[in-house]
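The values are calculated or read from the model by the stated rules, or taken from the named source; none is laboratory data. A quick note: this is a predicted structure, and the numbers were derived from the prediction, not measured. Cβ atoms come from the backbone with ideal geometry, glycine included; neighbour counts cover every protein chain shown. For accessibility, only protein heavy atoms count, side chains too; no ligands or nucleic acids. Shrake-Rupley method; radii C 1.70, N 1.55, O 1.52, S 1.80 Å.
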Amino acid sequence: MQAVGLITGASAGIGKALAHEHAKRGRDLVLVARRKEALEALAIELKDQYQISVSVIAKDLTAEGAVEAIYDSLKADGVEIDYLFNNAGFGGHGKFHERELAKDLSMIDLNIKAVVELAHRFSQDMVARGRGKILNVSSTAGFMPGPLQATYFATKAFVNSWSQALAEELRDSGVTVTALCPGAVATEFAQEADLSDTDLFKNAKTPEYTARRAYEAMEKGRLKIITEPSLAFQIKAVLPFVPMPTKLKMIRKLQEK
């Protein structure tokens with residue numbers, strides 16, 4: 001296998017679109033997600049369309065020891081990961097005190113803990129080889145607090161901050177780290193997070209558009225990519241001057257039903 005990319009949450013949405021972006025460049029893949037049948041169907045599609053090698057690993061990344069098992073299995077098979085796409089993650093709608101605590105703790109495990117552990121294990125090998133790229137799928141949600149998605153927004157704030165710090169630490173190593181910060185994207189995320197009928201997802205972008213912008217930014221070694229120019233302008237030039245109470249009300253309204 002050559003120029004191997006490992007993509008988590010690869011069975012649908014941005015993960016699936018990233019798989020196509022990687023594969024169309026003639027690069028091999030390791031696909032990771034919970035749904036084995038969906039992964040195997042995607043693997044067949046990619047092999048047929050791009051004539052590449054594709055491996056499938058069906059794992060729940062929140063399970064104890066899952067990341068270690070993935071890493072050890074690939075090492076045993078002699079597979080070197082050159083591109084790590086930390087894409088798996090989920091959100092959840094509602095007031096924090098009314099939500100099931102187990103769901104928010106699982107969200108933290110997937111959106112933060114698994115991302116950190118995957119990056120730690122694979123970045124060591126990348127640094128030793130003097131090359132590698134890491135794309136952490138974050139969100140524009142990471143630039144602000146998120147009433148009615150408090151835990152999700154906070155997990156993405158972590159990913160944004162941590163990714164940029166890691167990028168600086170690795171600056172002279174040959175390894176780059178890029179944070180992908182899209183707005184709303186038309187994927188299963190909206191349904192799973194119970195957000196489909198909110199204003200937040202009225203003008204959602206496609207996974208393909210998002211993956212294309214992300215891959216290009218990763219290839220250039222950019223620190224972060226806000227995929228929508230209008231959102232980038234609001235985040236950089238408008239939101240910093242909006243009083244926090246007003247900002248909180250605005251974000252809450254976008255997520256109300």
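Please determine, by comparing only the residues of the stretch 90-141 that are of a type in the set (S, T, Y) and free of Cβ contacts under 8 Å to residues at least 60 places away in the same chain, which one is surrounded by the fewest Cβ atoms within 10 Å (Cβ to Cβ).
S106
Could you list all residues from the stretch 17-28 that are open to solvent by 20 Å² or more (accessible area, probe 1.4 Å), assigned to a helix (DSSP H, G or I) and within 16 Å of I134 (Cα to Cα)?
none
Give all pairs with beta carbons closer than 7 Å in which a residue from the stretch 73-84 that is in a loop (DSSP other than H, G, I, E, B) meets a residue that is at pLDDT below 95 and open to solvent by 50 Å² or more (accessible area, probe 1.4 Å); count only pairs at least 6 apart in sequence or on separate chains.
V79/M1
For the stretch 149-161, enumerate the residues that are closer than 14 Å to G183 by Cα and either modelled with pLDDT under 95 or among the hydroxyl-bearing types (S, T, Y) (or both).
Y152, the sole residue that qualifies.
Which of the residues that make up the stretch 29-41 are surrounded by 17 or more Cβ atoms within 10 Å (Cβ to Cβ) and under 18 Å from the mean Cα position of the chain (by Cα)?
L29, V30, L31, V32, A33, L39
Condition first: open to solvent by 20 Å² or more (accessible area, probe 1.4 Å) and either in contact with a helix residue (DSSP H, G or I) (Cβ under 6 Å, 6 or more places away or on another chain) or under 19 Å from S161 (Cβ atoms) (or both). Now tell me which residues in the stretch 213-225 satisfy that.
Scanning the stretch 213-225 gives G221, R222, L223, K224.
A quick yes/no check of all residues on (1) out of contact with any helix residue (DSSP H, G or I) (no Cβ under 7 Å at 6 or more places or on another chain); (2) farther than 27 Å from E219 by Cα; (3) modelled with pLDDT of 95 or more:
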residue: E21; (1), (2), (3): no, no, yes
residue: D48; (1), (2), (3): yes, no, yes
residue: I52; (1), (2), (3): no, no, yes
residue: G65; (1), (2), (3): yes, yes, yes
residue: G89; (1), (2), (3): no, no, yes
residue: D109; (1), (2), (3): yes, yes, yes
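All but one of (1) open to solvent by 10 Å² or more (accessible area, probe 1.4 Å); (2) farther than 17 Å from L135 by Cα; (3) not hydroxyl-bearing (S, T, Y) hold for I14, so report the exception by its number.
(2)
Restricting attention to the stretch 234-246, which residues are within 25 Å of the chain's Cα centre (by Cα) and surrounded by 13 or more Cβ atoms within 10 Å (Cβ to Cβ)?
Within the stretch 234-246, Q234, I235, L239 meet the criteria.
Name the residues in the stretch 55-65 that are surrounded by fewer than 18 Cβ atoms within 10 Å (Cβ to Cβ) and of a type in the set (G, A, S), would you?
Within the stretch 55-65, A58, A63, G65 qualify.
Would you mind finding the one in A167, A150, A128 that is within 17 Å of the chain's Cα centre (by Cα) and of a type in the set (A, V, I, L, M)?
Just a single option satisfies the conditions, and that option is A167.
What are the residue pairs meeting all of these: first residue in the stretch 162-184, first residue at pLDDT 95 or above, second residue open to solvent by 50 Å² or more (accessible area, probe 1.4 Å) and part of a loop (DSSP other than H, G, I, E, B), Cβ atoms under 6 Å, and 6 or more apart or on different chains?
Cβ pairs passing all conditions: Q164/L223; A167/L223; G174/R131; T178/R222.
Is there any pair linking a residue in the stretch 230-241 that is within 18 Å of A184 (Cα to Cα) and touching a residue at least 40 places away in the same chain (Cβ under 8 Å) to one that is open to solvent by less than 80 Å² (accessible area, probe 1.4 Å) and in a helix (DSSP H, G or I), with Cβ under 6 Å and at least six apart or on different chains, and which?
That search, which allows pairs on different chains as well, returns L231/T140; I235/F143.
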